[in-house]
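A quick write-up on the structure given underneath.
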Amino acid sequence: FECADGAWITLSIAHEDAYWARLAALLGLRDLAEASRPERTARRAEIKARIAEAIRTRPRADWEAILEAGAQMWGPANRLAELPEDPHVVARGLMARLTRADGAAQWVVRQPVRFSAYENAPLRPAPILDGDPDAGFDEEG
């Protein structure tokens, strides 16, 4: 859902009536708080539109505070350019800068599976077409 500042969030309320009731209250949709799962499913398009309308009233930082305080399942829906600065991505070391064969730098996704006994393999650019796959590879990364 798009927020007032153009940032996006994602919500995860599938079947849990208690989460739904709290979310409806937080969004000011009190008339929908008691809607059962079958009713929510039947009215999906209408409810989704009303949630979107509510979310567009505040910036993402406000929704973060509100949804966290309300113990809701939510997350930022980042644009590609925002990923390298996402706190979770940074904490997990999921992205790194790599210098390509043409000298340009770019962000790349690292192997997300981490083992305590092993370091992530060093990053290296893809080889140039028909080039030596180990050309320019430095064990330091």
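For the chain, with the dipole built from +1 on Lys and Arg beta-carbon atoms and -1 on Asp and Glu ones, taken about the Cα centre, which of 59, 9, 26 lies farthest toward the positive end?
26
Rounded to the nearest 20 Debye, what is the dipole magnitude of the chain about its Cα centre when Lys and Arg each give +1 and Asp and Glu each give -1 at the C-beta?
Here the size comes out at about 720 debye.
Scan (i) 22.4, 74; (ii) 21.7, 65; (iii) 14.9, 50 for the value of Rg and Dmax of the Cα atoms in Å calculated from this model and give just the label.
The listed entry that was calculated here is (ii).
The range 1-90: which GluC sites (Glu not before Pro) are DSSP loop and have at most 12 other beta-carbon atoms within 10 angstrom? Write down the numbers at each step before the final one.
Values: sites: 2, 16, 34, 39, 46, 53, 64, 68, 82, 85; in loops: 16, 34.
Here the sparse-neighbourhood loop sites are 34.
Quick note: the coordinates plus some simple rules give every number you see, no bench work behind them. As the structure is a computational prediction, the values presented were derived from the model and not from experiment. Positions of Cβ are generated from backbone atoms using ideal geometry, with glycine treated the same way; all protein chains shown enter the neighbour counts.
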